[in-house]
1. Across region B:285-317, what is the number of residues that are basic (Lys, Arg), more than 21 Å from the chain's Cα centre (by Cα) and crowded, with 18+ Cβ neighbours inside 10 Å?
2. Inside region A:236-248, can you point out the residues that are of a type outside the set (Val, Ile, Thr) and either outside any helix (DSSP H, G or I) or touching a strand residue (DSSP E or B) at 6+ places or on another chain (Cβ under 7 Å) (or both)?
3. Just give me the residues in region A:303-339 being among the polar types (S, T, N, Q), farther than 25 Å from A:ASP183 by Cβ and surrounded by fewer than 16 Cβ atoms within 10 Å (Cβ to Cβ), in sequence order.
4. Just the residues that are in a loop (DSSP other than H, G, I, E, B), of a type outside the set (Ser, Thr, Tyr) and over 18 Å from B:ILE111 (Cα atoms), please, taken from region B:23-50.
5. Taking the options B:GLY286, B:GLY317, B:GLY299, name whichever one is part of a loop (DSSP other than H, G, I, E, B) and in the same structural domain as B:ALA189 (by TED's automatic domain parsing).
6. Give the residues of region A:74-86 that are farther than 17 Å from A:SER100 by Cα and of a type outside the set (D, E, K, R), sorted by residue number.
7. Where in region A:1-99 are the helices (runs of 4 or more DSSP H), entirely inside, with at least 3 residues that are more than 10 Å from chain B (Cβ to nearest Cβ)?
Amino acid sequence: MKHLDEYRDKELVDKLIRQIGKQLTRPWTLMEICGGQTHSILKYGLLDLLPKEITMIHGPGCPVCVTPVELIDKAIALAMREETILASFGDMLRVPGSTSDLLEVRAGGGDVRIVYSPLDAVHLAAENPEKQVVFFAVGFETTAPAVALAISRAEAKKIDNFFVLVAHVLVPPAIKALLSNPDIRIDGFLTAGHVCTVMGYEEYIPLAAEYQIPMAVTGFEPVDILLGIQKTVHMLEHGIVEVENAYPRSVKKEGNLKARELLNQVFESGYRNWRGIGNIPQSGYYLRERYKRFDALTLPGIAGIHASESEHCIAGEILTGIRKPHECSAFGTLCTPEKPHGAPMVSSEGACAAYYRYNRVN
Amino acid sequence: MESGPNFEPGCPIPKSDHEHILLGHGGGGKLTRQLIEKMFYAELGNEYLNRGHDGAFLPPPDGTLAFTTDSFVVDPIFFPGGNIGDLAINGTVNDLACCGAVPHFISLAFILEEGLPIEELWEIVKSIGKAADRAGVSIVTGDTKVVGKGKGDRIFINTSGIGEVIEGTNIGPEQCRPGDVVIINGSIADHGIAIVSKREGLSFETDVRSDTCSLNAMVSDILGKYKSVHVLRDPTRGGLASALNEICEASQTGIMLFEDKIRVSEAVQGACEIMGFDPLYIANEGKMLLIAPKEDAEGILDIMRSHPEGKDAAVIGQVSSERPGMVSLRTTIGSTRIVDMISGEQLPRIC
């Protein structure tokens, strides 16, 4: 298939693997930030092909995984209200809250819908004026512009029964938090290509300089990922600290200016609790004052909700790369995709689910 | 082209006083009679069905019987490449073929929702008739129930089937042996993607058609010559990955698939990329997985390729004693990963 096959090409893959091997003089530990990249690395078995000197640590880049239990519990509480239609992306439905998940709410009679775009939720609101339609907005900077667009459409069309439960998180503050943690040892970063498609990579340049760590903007196909690794290893071996663009077919330095403008118009950043990791300053999106009336947190019945995590789950250590999924005592026994104890086992982009699905034996 | 209600000039809709299914059509009275005689007997009639008894009187078989049942709740009921009617016949026929049986007799039970347009039912019944003719099976008994508006979803169908096991065969998932090869009769994931492309609320269209068809003629030809076939399995819900995982578990063997040998049409691959689906987990309705000793593979492939539904048949994997109970995949870039059983629902109501 055009535009795909060339990035899954065996000859190119072999060539990049050889190039990486040739320039190595010592072991390096790299982190891919994005869950989509983790998924590809496991799906295409890249860990088998890479030289042993390269250790890949799987970062916290699965927005579903880091969504705090409290927000999931609030989504569940909203979905159980008779007057609500709760809409979200399919992955969100199976993520366990404290005692239940959205699929169970649906089985119990709650109106929970899977949508493929936030605009579909605006249409739902227009078609069901007697209901309050809540879109549970999860994702990094990648999906946030579509949510911002949905909100501005709802405003323009004067749809007043559309609400958004915003769980959007931002990547650069999370990278900063990881690099500030003395327990985490990372030599180089592969940044998330889709996030950079929207935001560009200007904000990564000061991060690389401050923490003296090279970064490569990286895509998602096997050839893309290996190119990101090759560029990062090259910088490491030559003492270069820069942000290189290894995904130029999608990413421009300044990103998508229109999307950034829309994001800035609708959202402001603030503290966000990341599941398993904790509070990170400036790492979450919140609706600006002008759009507060679309905020689902203002709906009744959810103010007093507080949440707890499964005692078995070491999601924090998984999501910061301190431990690998199969090093968790619950992995594959107490915790499976059928009965997940923590979010990294639920989402298709979660590191635990990727290990369970593709790499259980190693 | 989508198989929606369209009425051929030579095959007019049977005269009915009503345009929609009424509760009375399931009441056992005159309306039920009208439906049975004017629609079901007219299109599906044969010496067994036309006796109109509570059950069918069937001739005794010579050998072992195979018996299967399946219910069909697909949404939408008309989709590119077929409808719930031919799906209900092909599904049960193929289940019998998977037992190494020649299908003979089918029972047909409808649960209709009040308000279903008679035209749509007629279109479905015509498809049932055509699919049964193609597979060489007779509809020998049936039932019709009607539920109130909102209590069902237009139409559900149950079919059961009886077939006669081809002598000398011994087919089952536990028969899979190290040294066998895995064969499939063509591209995967067409049915599931055809259904999803027509789902309400999904503004996404492709030219993918369901692969629904009966496979019994091809299977009978193979088993006529090769009694050595160990496993036959139609990879429907859960797709190729789930069917092979069940086989590995039952036989405690390991299967290695070769990604570059598994055909996925470009349109299906494109749809899967957009939707985030893995074609290995998407349903098929006209595909047969066949596992047999390696030395018979070429001969079996020749027979498969002589049938239209097997023209793209290929060996896609091999069985070994390594990693018992597990399916692995040799990727196009030369690495290996495991292919797990599907978890939870990926696409509900695809058959």
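1. Number satisfying all stated conditions: 0.
2. A:LEU236, A:HIS238, A:GLY239, A:GLU242, A:GLU244, A:ASN245, A:ALA246, A:TYR247, A:PRO248
3. Within region A:303-339, just A:THR333 meets the criteria.
4. Once the filter is applied, which keeps residues that are in a loop (DSSP other than H, G, I, E, B), of a type outside the set (Ser, Thr, Tyr) and over 18 Å from B:ILE111 (Cα atoms), region B:23-50 yields B:GLY45, B:ASN46, B:GLU47.
5. Numbers: B:GLY317 fails: part of a loop (DSSP other than H, G, I, E, B); B:GLY299 fails: part of a loop (DSSP other than H, G, I, E, B).
Of B:GLY286, B:GLY317, B:GLY299, the one residue that is part of a loop (DSSP other than H, G, I, E, B) and in the same structural domain as B:ALA189 (by TED's automatic domain parsing) is B:GLY286.
6. So in region A:74-86, the residues farther than 17 Å from A:SER100 by Cα come out as A:82-85.
Result: A:THR84, A:ILE85.
7. A:10-23, A:35-43, A:63-66, A:69-80
Table: residues versus (1) at pLDDT below 95; (2) touching a helix residue (DSSP H, G or I) at 6+ places or on another chain (Cβ under 8 Å).
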residue: B:HIS18; (1), (2): yes, yes
residue: B:LEU23; (1), (2): yes, no
residue: B:LEU35; (1), (2): yes, yes
residue: B:LYS38; (1), (2): yes, no
residue: B:LEU65; (1), (2): no, no
residue: B:THR69; (1), (2): no, yes
residue: B:ASN83; (1), (2): no, yes
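The values are calculated or read from the model by the stated rules, or taken from the named source; none is laboratory data. Just so you know, these numbers come straight off a predicted model, no measurement behind them. Cβ sites come from the backbone with ideal geometry, for glycine too, and all protein chains shown count toward neighbours.
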